[in-house]
Amino acid sequence: MKDSVTKRVMQLLTFLSLFIAVVMAVGLHYKSEAILEQNSVWDLLRSSEWSPLNGKYGFWSFIVSSVYVTIIAIIIAFPVSLLTALFLTENARSWVKKAVFPVLDILAGIPSVVYGLWGTLIIVPWIADTLGPHFVDYTSGYTLLAGGIVLSVMIIPLMVSLFVEIFSTVSSDLKDAAKSLGATRWQTSRSIVIRKASPGIIASVVLAVSKAFGETLAVLMVCGNMVGIPHSLFDSAYPLPALIANNYGEMLSLPMYESALMFAALVMFVIILVFNAISRIVLQNVEKRFKL
């Protein structure tokens with residue numbers, strides 16, 4: 001009886017989660033109907049011209065900025081997180097773990113505005129005065145690179161925590177067998193731990209990408225928020241979340257502008273949904289390929 005009730009409750013909660021996602025998608029589409037009636041989806045997505053007062057709503061530059069910032073953040077955060085987690089699970093002494101894990105929890109709980117202030121006070125001046133002059137004639141520091149760096153620091157605690165949990169599930173018998181055959185610690189970590197944990201690593205990266213893609217406040221504070229496609233790391237960027245956060249409250253009196261911002265939210269929702277679906281397919285293939 002208890003098993004039957006538990007099963008029904010779990011099914012209900014599962015369907016409730018799916019229902020909430022569907023309601024969100026339907027609601028965003030409903031609020032976007034005004035702009036979709038006057039413009040095709042293809043025209044909205046491929047155009048980079050953004051002039052709401054003239055009825056021009058092109059989202060391509062915002063989408064590109066969001067993707068670029070997310071890619072930079074993952075490129076920086078992934079190797080740092082992976083190697084840190086390997087060290088903590090395979091080589092670190094117990095006192096190191098006791099010191100590091102609380103710090104990771106603290107970093108994960110810091111509000112995004114604090115990261116944004118840190119980026120504004122430290123990263124932006126460093127790019128403008130130290131790094132930028134080596135590559136470009138002038139940069140304000142409020143750049144694509146600044147957004148990627150701040151965002152990477154924000155997701156590193158999440159990725160390290162996830163990787164540590166995943167690596168901890170790898171059987172010690174497998175590692176002991178590799179060491180008995182003469183494998184070094186690095187060889188064991190590379191050939192046994194990472195290989196066995198590869199599905200979990202991919203799932204963790206997907207979760208980090210989803211979080212990074214939708215991050216708003218910290219990125220808004222350091223990216224510059226200038227409309228246009230960034231052509232280098234030292235150009236300003238304007239991600240989709242920053243567009244919505246910057247303009248939604250002030251533009252409620254303009255129905256078409258509000259509809260455009262709702263369409264921006266719908267685009268974010270669809271991009272994350274498609275990315276997660278593709279990653280799930282990749283994850284299934286990896287599980288079959290690397291199953292030990």
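For residues that are touching a residue at least 60 places away in the same chain (Cβ under 8 Å) and of a type outside the set (A, V, I, L, M), scanning just the range 67-96, find the one that is nearest to residue 160 (Cα to Cα).
Looking at the filtered set, the residue picked out is 81.
Quick check, is residue 155 β-branched (Val, Ile, Thr) and closer than 30 Å to residue 46 by Cβ?
Details: β-branched (Val, Ile, Thr): yes; closer than 30 Å to residue 46 by Cβ: yes.
The answer is yes for residue 155.
Could you please let me know if residue 99 is more than 25 Å from the chain's Cα centre (by Cα), outside any helix (DSSP H, G or I) and closer than 30 Å to residue 166 by Cβ?
The answer is no for residue 99.
Residues checked against (1) in contact (Cβ under 8 Å) with a residue 24 or more places away in the chain; (2) under 30 Å from residue 264 (Cβ atoms); (3) in a loop (DSSP other than H, G, I, E, B):
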{"residue": "182", "(1), (2), (3)": "no, no, yes"}
{"residue": "197", "(1), (2), (3)": "yes, no, no"}
{"residue": "200", "(1), (2), (3)": "yes, no, no"}
{"residue": "209", "(1), (2), (3)": "yes, yes, no"}
{"residue": "218", "(1), (2), (3)": "yes, yes, no"}
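Residue by residue through the range 28-40, note down the ones that are exposed (fewer than 14 other Cβ atoms within 10 Å of the Cβ) and either of a type in the set (A, V, I, L, M) or in a helix (DSSP H, G or I) (or both).
30, 33, 37, 38
Looking at this structure, is residue 5 within 26 Å of the chain's Cα centre (by Cα), exposed (fewer than 13 other Cβ atoms within 10 Å of the Cβ) and of a type outside the set (D, E, K, R)? Break it down stepwise before answering.
Working: within 26 Å of the chain's Cα centre (by Cα): no; exposed (fewer than 13 other Cβ atoms within 10 Å of the Cβ): yes; of a type outside the set (D, E, K, R): yes.
Here the answer is no, as residue 5 does not meet what is asked.
If residue 158 satisfies all but one of (1) modelled with pLDDT of 85 or more; (2) surrounded by 21 or more Cβ atoms within 10 Å (Cβ to Cβ); (3) assigned to a helix (DSSP H, G or I), what's the number of the condition it fails?
Of (1) modelled with pLDDT of 85 or more; (2) surrounded by 21 or more Cβ atoms within 10 Å (Cβ to Cβ); (3) assigned to a helix (DSSP H, G or I), only one is false for residue 158: (2).
Going residue by residue through the range 47-56, is there one that turns out to be closer than 18 Å to residue 274 by Cα, of a type in the set (A, V, I, L, M) and assigned to a helix (DSSP H, G or I)? Please lay out each step first, then the result.
Within the range 47-56, the subset closer than 18 Å to residue 274 by Cα is none.
No, that holds for no residue.
Quick check on the range 207-234: of everything there that is closer than 11 Å to residue 146 by Cβ and out of contact with any Asp or Glu (no Cβ under 9 Å at 6 or more places or on another chain), which residue is surrounded by the fewest Cβ atoms within 10 Å (Cβ to Cβ)?
Of the residues in the range 207-234, the ones closer than 11 Å to residue 146 by Cβ are 218-219, 221-224, 233-234.
If we keep only those that are out of contact with any Asp or Glu (no Cβ under 9 Å at 6 or more places or on another chain) too, we end up with 218-219, 221-223, 233-234.
Working: 218: 25, 219: 34, 221: 23, 222: 31, 223: 30, 233: 21, 234: 23.
For the range 207-234, the residue satisfying everything is 233.
If a residue must be modelled with pLDDT of 85 or more and either aliphatic (A, V, I, L, M) or crowded, with 19+ Cβ neighbours inside 10 Å (or both), how many such residues does the range 162-200 contain?
Residues that pass the stated criteria total 5.
Going by what's in this entry, would residue 114 be described as surrounded by fewer than 19 Cβ atoms within 10 Å (Cβ to Cβ), under 19 Å from the mean Cα position of the chain (by Cα) and in a helix (DSSP H, G or I)?
Against the criterion (surrounded by fewer than 19 Cβ atoms within 10 Å (Cβ to Cβ), under 19 Å from the mean Cα position of the chain (by Cα) and in a helix (DSSP H, G or I)), residue 114 qualifies.
Quick one: is residue 140 in a loop (DSSP other than H, G, I, E, B), under 27 Å from the mean Cα position of the chain (by Cα) and either surrounded by fewer than 23 Cβ atoms within 10 Å (Cβ to Cβ) or touching a residue at least 24 places away in the same chain (Cβ under 8 Å) (or both)?
Working: in a loop (DSSP other than H, G, I, E, B): yes; under 27 Å from the mean Cα position of the chain (by Cα): yes; either surrounded by fewer than 23 Cβ atoms within 10 Å (Cβ to Cβ) or touching a residue at least 24 places away in the same chain (Cβ under 8 Å) (or both): yes.
In short, yes.
Against the condition over 19 Å from the mean Cα position of the chain (by Cα), buried (at least 16 other Cβ atoms within 10 Å of the Cβ) and assigned to a helix (DSSP H, G or I), how does residue 88 come out, does it pass? Walk me through it before giving the result.
Details: over 19 Å from the mean Cα position of the chain (by Cα): yes; buried (at least 16 other Cβ atoms within 10 Å of the Cβ): yes; assigned to a helix (DSSP H, G or I): yes.
Taking the combined requirement at face value, the residue satisfies it.
The values are calculated or read from the model by the stated rules, or taken from the named source; none is laboratory data. As the structure is a computational prediction, the values presented were derived from the model and not from experiment. Quick reminder, even Gly has a Cβ in these numbers, built from the backbone with ideal geometry, and neighbours come from all protein chains shown.
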